[in-house]
Each structure stands twice: as structure tokens, then as C-alpha cells.
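Written below as C-alpha cells is the structure these notes are about.
The values are calculated or read from the model by the stated rules, or taken from the named source; none is laboratory data. Bear in mind the structure is a predicted one, so any value in this text is a computation, not a measurement. Heads up, the Cβs are rebuilt from the backbone with ideal geometry, glycines too, and the neighbour counts pull from every protein chain shown.
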């Protein structure tokens, strides 16, 4: 147990840079250095985690801990992957809630928002290269973009339709491996017990009569089970609901949240904790913010443990289900369109001061006022793009630099 705490604590503290960097770090620590997993076990587990909703890197850490030390090991592996980042996000959210409206802080976040746009575009390019394996998948991606940007179709509906489309596509037959004895019964027990634990705080806040906390619990619970394709895939849906349906925060605040989450250890989906805490601060102060953040962490990450503890023994069997894999390939293709919608959504809100929503018949989309274009934002996006995409600088280097550049230009303009 001491070794598990040491190894996964180190992974949790060093897990910067998004899923690719986090998975590479785990491969180095768990396969190369210690041999806790073979190369084949690691790749099969990674493929399985990519089929699941939620952050695949966190689920992979949970699997590795489970493989080494059972359920307790899995809790250590997954828990320590999330905990350092969650603590940092909690501090940042409280500081942002207190000081975020100061002019100097707002000037810094102009650069943060510009960098976030480039980061999302980089994620779009990377995922598109992996997901668009044919014309049919390209068609799914384009259809997902059109449905979201022009018609505001709810994200869960897009995921469902993409999965059905993928499952109906021709797929390569593979040999199905036999089901391990008793595995379905064991998985059922895990789902039953885990589901009860997951629902317990939701029921508690419903009984307490707190409408705000119940909204937080139910919304982020739904988000946890539709988060296919990573945090970027659900950010537009989360922004739409958090900003327009619930009024918890603004679109620029959502982008600030993403920028801060990008520079902390742990999974990017910790942005949900930031959103909940900012909403809690606005609704009732620090204590409510802490409760909302803790509740969001629970409903977001408990399902990840459930999927691993229930499904890990079935990894080899699931690998032989070609129709399931085809359905997930369809969803992954749709994620490309989803992230394209997110990129355009964020870019419009950063580049233009005046963005309105056009609703006419079935059309439901955002349009900018061309006269409200912000030249500074355009320049900062260009600088971030050169540094990140052309020069391949790290995000931890680029984000503070572009933020300081935005602050300096804003300061000079104010003095002039």
C-alpha cells in the first residue's frame, strides 16, 4: 500500500499536459520502470478506457491500481490521480471568485482566453486525425457540427444518434472470446452497490430542499455519463446549460475556468468543479462553493470507479464485440464535430464583444456583430497559435506569457 501511495501520488502530482502526456507518464512509471503491467495489458486497458464515458487517463490509473491491489488499489490509483488537481482547482476557484472582477485580473484573462481557443483547435486537429478513418466518419462529424451550431441539438442526443449510426456501419468481424465465468453477476453487484453510493448525496440534497445543490448534482451526474471523447467534447454543452439555462456564470468565465484547469495536474474534466464552485460563490458564499465543488467531484468521478471495477474483468471479452466498437467509433467521429462547434463558439465570444443568438424556426445559432471585433484578441490568438502549433512550446510556458502580453497591451492602452 505504501508503494501504491508513492507511485500514484507521484503520477497525480506530475499529471500535467492533458491525456496524452498523462498516459505517457503512466506508461513510463507502470510499464517501463516497474513492470506492474505488460505492454499488452496496458494497451488493452487503454482501449477499454477509451470506450468509457469520463476521463480515460484517470480510469487507466484506476485500472492499474485495481490490477495491483484490488478495489483498494483502484481507489488509491484513481483517487490520487484526481486529488492534487482538485485541491489546486478549489484554491483557484475561491481566489477567482474574490479577485476575478478586478481590472488587472480581467486584463490577464484576455490572454488566457485567446490561448484556450488555440488549445481547443489543437485538440480538434489531434482527435480528427485519429477519429476520421473514412468518409462515413467524416459525414458523422459534419452532421454533428451542423446539428449543434445551427440547430442547438442537445449534446446527449448527438451522442446517441452518432452511436446508432456507427453501429449500423459495416464493421470487421472479430473472434469473440468466451465470457469469464460469473463476470456478469459480479459486474451487476458492482453496478448496484456503486450506483447506490453515487446516488446517495443526490438523494440527500433532494431531501434537504436545496434547489441549487440538486441542480448541481443532477446536471453533473448526467454530464458524467455522456462525457465520451474527453472534456472538450462536453464543454459546449456544459457552457450552454451553465450559462444560459442555469445562469451560473458567463461564457468568458467558462473560458477562464478551462484555462486554469489546463494548467493544473489531473484530468481536464476538473473544470466542472471550478464551474460548480463559482456558481456556489454567487449563490451563497464560500461554504456553499466548497459543498458544490465536493458534490460535483463525487458525481463526476464515482462513475469512473464503477465502470472500471465492473468492467475491467470483462476487458478481453468486450474487445471482441465489433458492433460495440463500431458504435464507439461513430461517437468518436461525432466528437470531432462537437469540438469544432466548441472552437467556433469560444472564438466568436473572444473575438467579438457583441454576440447574439438568432432563433428563427428550427434555426438556433449565435451570430456576432462584425463592428464589435476586438483586434487585441485576434493578435493574441495569432501569437498563441505560433507558439503552440508552430514552435511547439508547452502550454505551461505559453499561457502565462500570452496572459502577460494581453495585460501589458491593455495597460498601455489605458494609460494612453
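Can you tell me which residue is nearest to residue 409 (Cα to Cα) among those in region 360-381 that are part of a helix (DSSP H, G or I) and under 29 Å from the mean Cα position of the chain (by Cα)? Reasoning before the result, please.
The first filter runs over region 360-381 and keeps only residues part of a helix (DSSP H, G or I), leaving 370-372, 375-381.
Of the ones still in play, those that are also under 29 Å from the mean Cα position of the chain (by Cα) are 376-381.
On the way: 376: 8, 377: 11, 378: 13, 379: 11, 380: 10, 381: 14 Å.
Among them, the one singled out is 376.
Here is a yes/no grid of residues against (1) touching a helix residue (DSSP H, G or I) at 6+ places or on another chain (Cβ under 8 Å); (2) touching a residue at least 60 places away in the same chain (Cβ under 8 Å); (3) buried (at least 21 other Cβ atoms within 10 Å of the Cβ):
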position: 283; (1), (2), (3): yes, yes, no
position: 287; (1), (2), (3): no, no, no
position: 291; (1), (2), (3): yes, yes, no
position: 300; (1), (2), (3): yes, yes, yes
Discussion item. Here are the criteria: (1) exposed (fewer than 13 other Cβ atoms within 10 Å of the Cβ); (2) farther than 25 Å from residue 144 by Cα. Tell me which single one residue 385 does not satisfy.
Written reply: (1)
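Residues checked against (1) over 19 Å from residue 306 (Cβ atoms); (2) free of Cβ contacts under 8 Å to residues at least 12 places away in the same chain; (3) buried (at least 23 other Cβ atoms within 10 Å of the Cβ); (4) in contact with a helix residue (DSSP H, G or I) (Cβ under 6 Å, 6 or more places away or on another chain):
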{"position": "10", "(1), (2), (3), (4)": "yes, no, no, no"}
{"position": "13", "(1), (2), (3), (4)": "yes, no, no, yes"}
{"position": "42", "(1), (2), (3), (4)": "yes, no, no, yes"}
{"position": "53", "(1), (2), (3), (4)": "no, no, no, yes"}
{"position": "58", "(1), (2), (3), (4)": "no, no, yes, yes"}
Worksheet, complete the sentence: Exception for residue 222 within (1) crowded, with 20+ Cβ neighbours inside 10 Å; (2) touching a residue at least 40 places away in the same chain (Cβ under 8 Å); (3) under 19 Å from residue 155 (Cβ atoms) falls at (1)
Worksheet, complete the sentence: Checked against (1) surrounded by fewer than 23 Cβ atoms within 10 Å (Cβ to Cβ); (2) in a helix (DSSP H, G or I), residue 63 satisfies every condition except (1)
Worksheet item: Going by the structure shown, is residue 136 over 25 Å from residue 271 (Cα atoms), assigned to a helix (DSSP H, G or I) and modelled with pLDDT under 90?
Response: no
Worksheet item: How many residues are farther than 23 Å from residue 148 by Cβ and in contact with a helix residue (DSSP H, G or I) (Cβ under 7 Å, 6 or more places away or on another chain) if we restrict to region 342-376?
Response: 4
Discussion item. When the residues of region 388-407 are narrowed to those that are loosely packed, with under 13 Cβ neighbours inside 10 Å and in a helix (DSSP H, G or I), which ends up farthest from the chain's Cα centre (by Cα)?
Written reply: 390
Worksheet item: assigned to a strand (DSSP E or B) and more than 27 Å from the chain's Cα centre (by Cα) - does that describe any residue in region 341-359?
Response: yes
Practice prompt. Taking residue 273 as meeting all but one of (1) at pLDDT 90 or above; (2) in contact with a helix residue (DSSP H, G or I) (Cβ under 7 Å, 6 or more places away or on another chain); (3) part of a loop (DSSP other than H, G, I, E, B), write down the number of the exception.
Written response: (3)
Worksheet item: Would it be correct to say that residue 112 is crowded, with 21+ Cβ neighbours inside 10 Å, on the phi < 0 side of the Ramachandran plot, in a helix (DSSP H, G or I) and touching a residue at least 40 places away in the same chain (Cβ under 8 Å)?
Response: yes
Worksheet item: Does region 34-45 contain any residue that is at positive phi and assigned to a helix (DSSP H, G or I)?
Response: no
Worksheet item: What are the residue pairs meeting all of these: first residue in region 129-156, first residue touching a residue at least 60 places away in the same chain (Cβ under 8 Å) and at positive phi, second residue surrounded by 14 or more Cβ atoms within 10 Å (Cβ to Cβ) and assigned to a helix (DSSP H, G or I), Cβ atoms under 9 Å, and 6 or more apart or on different chains?
Response: 152/240
Item to complete: For residue 88, indicate whether it is surrounded by fewer than 20 Cβ atoms within 10 Å (Cβ to Cβ), under 17 Å from the mean Cα position of the chain (by Cα) and within 16 Å of residue 301 (Cβ to Cβ).
Response: yes
Fill in: Residue count for region 367-382, restricted to those that are surrounded by fewer than 12 Cβ atoms within 10 Å (Cβ to Cβ) and out of contact with any strand residue (DSSP E or B) (no Cβ under 7 Å at 6 or more places or on another chain)
3
Item to complete: Looking at (1) under 24 Å from residue 121 (Cα atoms); (2) not in a helix (DSSP H, G or I), find the lone condition where residue 248 falls short.
Response: (1)
Item to complete: Scan region 219-245 residue by residue and report those that are in contact with a helix residue (DSSP H, G or I) (Cβ under 6 Å, 6 or more places away or on another chain) and part of a loop (DSSP other than H, G, I, E, B).
Response: 226, 227, 228, 229
Worksheet item: Quick check, is residue 74 surrounded by fewer than 23 Cβ atoms within 10 Å (Cβ to Cβ) and within 22 Å of the chain's Cα centre (by Cα)?
Response: no
